[in-house]
């Protein structure tokens, strides 16, 4: 799956912060899983979710959902999620608030719950 290799390249410790290779690997793996699940469920390429340029509304919404699944569903820190997506932590916080607001809709809530469950299952030890 070469399209996922770009995620590992994005994952760098914050300046002055040391992160063990094992923890960093789990973060990258979790992010890859969230990205792959959202990409597959939305029909949007993983490269589009990781693109640094402004995107169309559907791509931006899918990116926000992937950030949410990584942070809320898998428990990755907002800072780690931001590092993988090469965004600011406040962008991840905004994405999480937006997805939480959208979860008021029953069908969207079911979709997010399924994505979270699949992501948690994929990272089980």
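No lab work stands behind these numbers, since they all come straight from the coordinates. Given the structure is predicted, the values throughout are model-derived calculations rather than measurements. Positions of Cβ are generated from backbone atoms using ideal geometry, with glycine treated the same way; all protein chains shown enter the neighbour counts.
Each of residue 26 and residue 113 was given a label point 7 Å from its Cα along the Cα-to-Cβ line. The distance between the two points is 2.7 nm.
Where in the stretch 30-49 is the amide nitrogen less than 17 Å from a point lying 7 Å along the Cα-to-Cβ axis of residue 77? Taking a point 7 Å out along Cα→Cβ of residue 77, the residues of the stretch 30-49 whose backbone N falls under 17 Å are 30-31. Each residue in 27, 90, 46 was given a count of other beta-carbon atoms within 10 angstrom of its own, and listing them fewest first yields 90, 46, 27.
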